[in-house]
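Q: The structure that follows is given in the form of structure tokens.
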């Protein structure tokens, strides 16, 4: 039985492969492991590079890493690390545009004394400064890894610094809101809590290391990331709920939610698949991603989107988005071995931080 049939959805692949957006076609080809048509894959890549949306994304990048960041928060998709992540999602590589390489070189050139990566941005008052909170250094390390720089000694040193920043929180081993030593700024999370966003960013950064080089303690961190879900009814980290906004993707995805959990831990199944409660939690979260975002015909129509991104199909909410559809199914494809367990979850019986709010789409899984 096909993955789509297990989930009670139609297969959107033919629709994706005929989509006007080459980004969707490229993602669909790239996620078809072993069945990729090399000629079609290369043609989609060439069309991606020629597409106006990719040119617009590249223009959003600063000329150098020494320019102050213009985005006002780590959750904004226009933040440079998020723009680079989206470009990589579309198959754009460092070899495709020199601006990417210059920016990656700039990231590598700026670290604190312990090796954490620094970002240059304005303070709430005063001039721009180089600073570092976990959402900076982890996101930068993740992007560098995604563009093939994980072997650089400076990336390895940043990951060593990340290990030293681990906290034994009230939900387990994870990363929390570490104050910026230069500015004193820290995120809003309580000191004893894990920060789910920083924790997922760090796990993604470590995912770019060869499996044999990943530290053993990552499994404990993955367990904590899923413990946050299990404790959602009573011990919600500040501003990190698990209701409708967690289950429904806000496009382009840039912050903590079901999509980000599935994307991150789907890359690292060796950390959690042998632990029964973690396996159950991943099935539940993935079932929510499917139920609240994918229609019966297999397509994804964005229900939430950042303003100003209507020039991509994922930035509008009126019709199915080929890009959003391809991105969600690519994540589901990574967990095809868990499909029967995911399909067995009744999402309407799952509690959340705000109760069972939200209406699933398509067949109940």
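The values are calculated or read from the model by the stated rules, or taken from the named source; none is laboratory data. For clarity, every value in this text was computed on a predicted model and none was experimentally measured. Cβ: placed from backbone, ideal geometry, glycine included. Neighbour counts: every protein chain shown.
Q: Out of the range 250-283, which residues are over 17 Å from residue 8 (Cβ atoms), over 16 Å from the mean Cα position of the chain (by Cα) and assigned to a helix (DSSP H, G or I)?
A: 270, 271, 276, 277, 278, 279, 280, 281, listed by residue number.
Let's see how each residue does on (1) at pLDDT 95 or above; (2) more than 19 Å from residue 87 (Cβ to Cβ); (3) touching a helix residue (DSSP H, G or I) at 6+ places or on another chain (Cβ under 6 Å):
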{"site": "253", "(1), (2), (3)": "yes, no, yes"}
{"site": "258", "(1), (2), (3)": "yes, yes, yes"}
{"site": "262", "(1), (2), (3)": "yes, yes, yes"}
{"site": "268", "(1), (2), (3)": "yes, yes, yes"}
{"site": "276", "(1), (2), (3)": "yes, yes, no"}
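Yes/no per residue for (1) surrounded by fewer than 21 Cβ atoms within 10 Å (Cβ to Cβ); (2) modelled with pLDDT under 80; (3) assigned by TED's automatic domain parsing to the domain that holds residue 328:
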{"position": "177", "(1), (2), (3)": "no, no, no"}
{"position": "185", "(1), (2), (3)": "yes, yes, no"}
{"position": "188", "(1), (2), (3)": "yes, yes, no"}
{"position": "191", "(1), (2), (3)": "yes, yes, no"}
{"position": "196", "(1), (2), (3)": "no, no, no"}
{"position": "212", "(1), (2), (3)": "yes, no, no"}
{"position": "236", "(1), (2), (3)": "yes, yes, no"}
{"position": "245", "(1), (2), (3)": "yes, no, yes"}
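Q: Scan 92, 83 and give me the residue that is within 18 Å of residue 254 (Cβ to Cβ) and either outside any helix (DSSP H, G or I) or touching a strand residue (DSSP E or B) at 6+ places or on another chain (Cβ under 7 Å) (or both).
A: 92
Q: Residue under question is residue 144, and the condition is that it be more than 24 Å from residue 223 (Cβ to Cβ) and not in a loop (DSSP other than H, G, I, E, B); does it hold?
A: So residue 144 passes the test.
Q: Further question: Which of the residues that make up the range 1-31 are closer than 23 Å to residue 312 by Cβ and without any contact (Cβ under 8 Å) to a residue 12 or more places away in the chain?
A: Scanning the range 1-31 gives 14, 18.
Q: What pairs come up if the first residue lies in the range 257-284 and is not assigned by TED's automatic domain parsing to the domain that holds residue 333, the second is surrounded by fewer than 21 Cβ atoms within 10 Å (Cβ to Cβ) and in a helix (DSSP H, G or I), and their beta carbons are under 9 Å apart, counting only those six or more places apart or on different chains?
A: That search, which allows pairs on different chains as well, returns nothing.
Q: For residue 230, state whether it is at negative phi, surrounded by fewer than 20 Cβ atoms within 10 Å (Cβ to Cβ), in contact with a helix residue (DSSP H, G or I) (Cβ under 8 Å, 6 or more places away or on another chain) and not assigned by TED's automatic domain parsing to the domain that holds residue 293.
A: It is true that residue 230 is at negative phi, surrounded by fewer than 20 Cβ atoms within 10 Å (Cβ to Cβ), in contact with a helix residue (DSSP H, G or I) (Cβ under 8 Å, 6 or more places away or on another chain) and not assigned by TED's automatic domain parsing to the domain that holds residue 293.
Q: Scan the range 109-143 residue by residue and report those that are buried (at least 18 other Cβ atoms within 10 Å of the Cβ) and out of contact with any strand residue (DSSP E or B) (no Cβ under 8 Å at 6 or more places or on another chain).
A: If the condition is that a residue be buried (at least 18 other Cβ atoms within 10 Å of the Cβ) and out of contact with any strand residue (DSSP E or B) (no Cβ under 8 Å at 6 or more places or on another chain), then 115, 116, 133, 134, 135, 138, 139, 142, 143 are the ones that fit.
Q: Being under 21 Å from residue 290 (Cα atoms) and modelled with pLDDT of 95 or more: is that true of residue 10 here?
A: yes
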